[in-house]
Amino acid sequence: MSDTAFDSDLLRLLSTRGHLHQITDPGALDQLATREIVTGYVGFDPTAPSLHIGNLASIMLLRRLQQAGHRPIVIMGGGTAKVGDPSGKDETRQLLTEERLASNIASIKGSFEQILRFDDSDTGALLIDNDDWLSKLGYIEMLRTVGPHFTLNRMLTFDSVKLRLEREQPLSFLEFNYMIMQAYDFLVLARDYNCRLQLGGSDQWGNIVNGIELNRRIDGREVYGFTAPLITRADGAKMGKSVDGAIWLNEDALPAYDFWQYWRNTDDRDVGKFLRLFTDLPLDEIARLEALEGAEINEAKIVLANEVTGMVRGLDAAKAAEATARDTFAGGGAGEDLPTLALGEDGIRIGAVLTQLGFTASNGEAKRKLAEGAVKLDGETISDPGRVITASEGASLKLSLGKKRHAILTR
């Protein structure tokens, strides 16, 4: 459905920025959003101390909701994470302790505070932990309240369940309950916060529909679902991954320079799409930038890197990362924002250096990179995996892996 078919600022904005995949009742939601402030939510299970840019796509749904004059709710899945979402997973998640979940939630909160506006206004964002109600439910109470509204016949048709069974991979009874718990979240939020909308990635469609049906069956309330397309890069890789692993939102999980550099290295074919999805730049400016060709497209990539890094990490971080890149690539120097590693008096073997910096995942990978001639120290190619890197007191060395990964080694 094109944006011209919508009356509400909300659905027009989501559509024109490339976020629209499916809506449960487009006409009804569109009219609701023209009449009143709509409260909508997205859930995030705190399975790690940081979110990654795959999650950023969902956070942007809440940002667009707020930009269109509506109220976003961030649901921290302190309760659902105790079970684990089987959607898109080939194996059972490792169960996390309550202490680890609480620590992860505390670590994640800052990302939302950077991207959304939290205040006491009618459109101020809320951050709520679903453990507040899920852990208070008794087992029999949950079965009696929610159980009658779910049939095994239907539950077995959802991809999160069906794919595991088709592949003959284990699906625990614990995980099987995840969709029921998420549906119950929507019921509680509708009752307590007049929340009428759940948003998420397209892999959450089944879970969202369950919540909609539960609201209708128990309370007779009409609520709505909206999903965004799962984002892949032009090369087919899943959004949020690089050769070195996940692109984390938190600074302590990934330095700002590396975060900035990920966006700077965007495939030419993805520049326009990512500018629409992950920045607030006007659409006419995005059209100008994505039309650039040849070396000029790098201008658009720098704008993309600055805009996303500025939103997620702050403007100072974006400026510092750009300056570091300029010093490193244009001037041949070593920018201040590059990751650093202290060598110590006795030095460190080159393979360990690469692994400690996160440039390689193992010593085996480090050896392969060295054999390929991809590692340079102050411009000199290093191929000997047994070489110990040392430096004199107060000195610094520039280490490079390929053309895009750089670090400073100090003593």
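The values are calculated or read from the model by the stated rules, or taken from the named source; none is laboratory data. In this text the structure is predicted, and so the values were computed from the model without any measurement. Positions of Cβ are generated from backbone atoms using ideal geometry, with glycine treated the same way; all protein chains shown enter the neighbour counts. We work out accessible area using only protein heavy atoms, side chains counted, and drop any ligands, DNA or RNA first. Shrake-Rupley method; radii C 1.70, N 1.55, O 1.52, S 1.80 Å.
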Open item on the list: For residue 398, give me every one of the lysines with a C-alpha distance below 20 angstrom, ignoring sequence neighbours fewer than eight places off in its own chain.
Closed with: 367, 369, 376
Task: Nearest-ten-degree value, helix 53-67 long axis tilted from longest Cα axis of the chain - done: 50
TODO: Taking all protein chains together and a probe of 1.4 Å, list 388, 303, 188 from the most accessible to the least accessible.
DONE: 388, 303, 188
Open item on the list: Along the Cα→Cβ direction, 7 angstrom out, place labels at residue 169 and residue 371. What is the inter-label distance in nm?
Closed with: 3.0
Open item on the list: Can you work out the Karplus-derived ³J(HN,Hα) for every residue in region 305-322? Use 6.51 cos²θ - 1.76 cosθ + 1.60 with θ = phi - 60°, whole Hz, and x for glycine or proline.
Closed with: 4, 5, 5, 6, 5, x, 5, 8, 10, x, 5, 4, 5, 5, 5, 5, 5, 5
Task: Solvent exposure of region 113-249 as accessible area per residue, Å², 1.4 Å probe - done: 50
Task: Amide H contacts of residue 68 (H built 1.01 Å from N, under 5 Å, at least 5 apart or other chain) - done: none
- [ ] Find which of 188, 67, 31 sits farthest along the positive direction of the dipole of the chain, computed with +1 on the beta-carbon of Lys and Arg, -1 on that of Asp and Glu, about the Cα centre.
- [x] 188
Task: Cross-link reach list, aspartates and glutamates versus residue 82, counting only Cα pairs under 16 Å and skipping chain neighbours closer than eight places - done: 45, 91, 98, 99, 129, 131, 132, 175, 185
Task: Residues of region 203-224 with amide N under 15 Å of a point placed 7 Å along Cα→Cβ from residue 149 - done: 207-224
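Pop the C-beta distance of residue 202 and residue 95 into the FRET formula with R0 = 22 Å and round what comes out to the nearest 0.05. List each step's numbers first, then the result.
Working: r = 27 Å, r/R0 = 1.22.
Once rounded, the FRET efficiency stands at 0.25.
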Task: Gaussian network model of the chain, Cα within-10 Å springs - most flexible of 54, 147, 206 - done: 147
TODO: Please find, in a Gaussian network model of the chain (springs between Cα atoms separated by less than 10 Å), the residue of 326, 196, 387 whose mean-square fluctuation is greatest.
DONE: 387
Task: Long-range amide H partners of residue 41 with built H, under 5 Å - done: 73, 197, 198, 199
TODO: Calculate the spin-label point distance for residue 345 paired with residue 268, positioning each point 7 Å from the Cα along the beta-carbon direction, and give it in nanometres.
DONE: 5.4
TODO: Could you calculate the contour length gain from residue 135 to residue 326, that is, 0.36 nm times the residue separation minus the distance between their Cα atoms, to one decimal place in nm?
DONE: 63.7 nm
TODO: Measure nothing but the geometry: give the 0 to 90° angle between the long axis through the Cα atoms of 26-35 and the longest principal axis through the Cα atoms of the chain, rounded to 10°.
DONE: 90
Task: Cα gyration tensor category, rounded, prolate or oblate, for region 1-152 with a/c compared to 1.5 - done: prolate
Task: Selected from 309, 298, 272, residue furthest toward positive end of dipole (region 272-326; charges at beta carbon) - done: 309
Task: Test item: Cα-centred dipole of the chain, Lys/Arg +1 and Asp/Glu -1 on Cβ, debye - done: 720
Task: Note, ³J(HN,Hα) from phi for region 192-202, Karplus 6.51, -1.76, 1.60, rounded to Hz, x at Gly and Pro - done: 8, 10, 6, 7, 10, 9, 10, 10, x, x, 5
Task: Protein-only accessible surface order, largest first, of 37, 231 at 1.4 Å - done: 37, 231
Task: Max mean-square fluctuation residue, GNM over the chain, Cα-Cα springs under 10 Å, options 122, 268, 203 - done: 122
Task: Approximate spin-label separation residue 218-residue 356, in nm, with each point projected 7 Å along Cα-to-Cβ - done: 5.3
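With a 1.4 Å probe and all protein chains in place, put 70, 149 in order of accessible area, largest first. Display every interim value, and only then the final one.
Details: 70 5, 149 50 Å².
Result, largest first: 149, 70.
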Open item on the list: Need one word for region 182-328: rounded, prolate or oblate. Basis is the Cα gyration tensor (sqrt eigenvalues a ≥ b ≥ c); a/c below 1.5 gives rounded, then a/b vs b/c decides.
Closed with: prolate
- [ ] Would you pull out the residues with amide H under 5 Å of residue 387's amide H, same chain only if 5 or more places away, H placed 1.01 Å from N?
- [x] 350
Open item on the list: With angles folded into 0 to 90 degrees, how steeply does helix 98-115 sit against the dominant principal axis of the chain? Use alpha carbons for both and round to 10.
Closed with: 80
TODO: Determine the gain in length on full extension of the stretch residue 16-residue 235; use 0.36 nm per residue of separation and subtract their C-alpha separation, reporting nm with one decimal.
DONE: 76.5 nm
- [ ] Provide the net charge surrounding residue 315, with neighbours chosen by a C-beta distance below 11 Å and charges set as Lys +1, Arg +1, Asp -1, Glu -1.
- [x] -1
Open item on the list: Once you order the gyration tensor axes a ≥ b ≥ c over the Cα atoms, which shape class does region 178-238 get: rounded for a/c under 1.5, otherwise prolate or oblate by comparing a/b with b/c?
Closed with: prolate
